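First up is the structure itself, then whatever we jot down about it.
The values are calculated or read from the model by the stated rules, or taken from the named source; none is laboratory data. The structure displayed is predicted, hence computed values, not measured ones. Here the Cβ positions follow ideal geometry from the backbone for every residue, glycine too, while neighbour counts run over all protein chains shown. These area figures cover heavy atoms from the full protein model, side chains too; ligands, DNA and RNA do not enter into them. Shrake-Rupley method; radii C 1.70, N 1.55, O 1.52, S 1.80 Å.
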Amino acid sequence: MAKIGVFYGSTTGVTEEVANKISAKLDNADVYNIAGNLEKMNDYDVIIMGTSTWGYGDLQDDWQGVLDDMPSLNLSGKKVAYFGTGDQSSFSDTFIDGIGIIHEKIKDNGVILIGETETDGYTFDGSRGVEDGKFLGLAIDEVNQSDLTDERVEKWTEEIKKAL
Ligand SMILES: Cc1cc2nc3c(=O)[nH]c(=O)nc-3n(C[C@H](O)[C@H](O)[C@H](O)COP(=O)(O)O)c2cc1C
């Protein structure tokens with residue numbers, strides 16, 4: 001299988017936990033906290049990026065810290081997938097905005113986006129993580145729909161495997 005790296009930024013541990021679940025479903029893919037590990041992306045063919053969203057549509061702090069360095073990575077030809085954790089109820093206008101902020105920064109670097117998902121089953125008003133009616137990646141809401149997380153991860157990782 002292609003070499004997969006999972007990179008996450010997590011303020012209270014939710015996104016970290018989801019990163020570990022995703023890794024477990026992908027033959028224990030390597031998992032990194034993005035803080036201090038941005039350059040490690042260069043070592044992987046497939047890069048899975050996970051972030052939460054804070055403030056009102058703000059990128060998680062550790063991702064914010066590396067965001068401006070991301071365009072200098074050589075991501076050309078690499079497959080990239082996103083997962084975002086958020087709260088669609090309290091932050092209905094900015095649900096998982098973080099993945100959209102990252103994508104905006106690197107989308108012109110020749111990345112091949114995989115792992116987009118349907119928005120069915122979620123209720124929210126707006127998201128920078130949605131493009132052409134689909135989430136740019138996997139959306140996880142541990143605040144309101146934690147009972148769905150495991151099956152969402154399972155289904156998504158099966159799709160990711162097919163896209164490799
Ligand atoms: C003060 C505050 C602001 C938040 N802002 C947003 C937001 O704008 N959009 C969103 O989808 N979730 C928002 N959330 C929800 C978090 O992103 C969510 O709980 C996430 O899973 C936390 O993940 P982490 O512990 O990995 O950082 C916010 C939560 C808090 C407490």
Residue list for the range 8-51, restricted to those being assigned to a strand (DSSP E or B) and within 18 Å of residue 110 (Cβ to Cβ): 46, 47, 48, 49
Can you find a residue that is in contact with a helix residue (DSSP H, G or I) (Cβ under 8 Å, 6 or more places away or on another chain), of a type in the set (S, T, N, Q) and within 19 Å of residue 139 (Cα to Cα) anywhere in the range 90-98? no
Residue pairs, Cβ under 6 Å, 6 or more apart or interchain, first in the range 1-26 and in contact (Cβ under 8 Å) with a residue 24 or more places away in the chain and within 13 Å of the ligand (Cβ to nearest atom), second open to solvent by 10 Å² or more (accessible area, probe 1.4 Å) and assigned to a helix (DSSP H, G or I). List them. 8/16; 9/62; 10/16
In the range 97-126, residues that are open to solvent by 20 Å² or more (accessible area, probe 1.4 Å) and within 17 Å of residue 15 (Cα to Cα) total 1
So in the range 71-96, with the set limited to residues that are without any contact (Cβ under 8 Å) to a residue 40 or more places away in the chain and within 9 Å of the ligand (Cβ to nearest atom), which one is least open to solvent (accessible area, probe 1.4 Å)? 92
Which residues, taken from the range 64-102, are more than 17 Å from the chain's Cα centre (by Cα) and of a type in the set (Asp, Glu)? 68, 69, 93
Might you check whether a residue that is open to solvent by 70 Å² or more (accessible area, probe 1.4 Å), out of contact with any helix residue (DSSP H, G or I) (no Cβ under 6 Å at 6 or more places or on another chain) and part of a strand (DSSP E or B) occurs anywhere in the range 127-134? yes
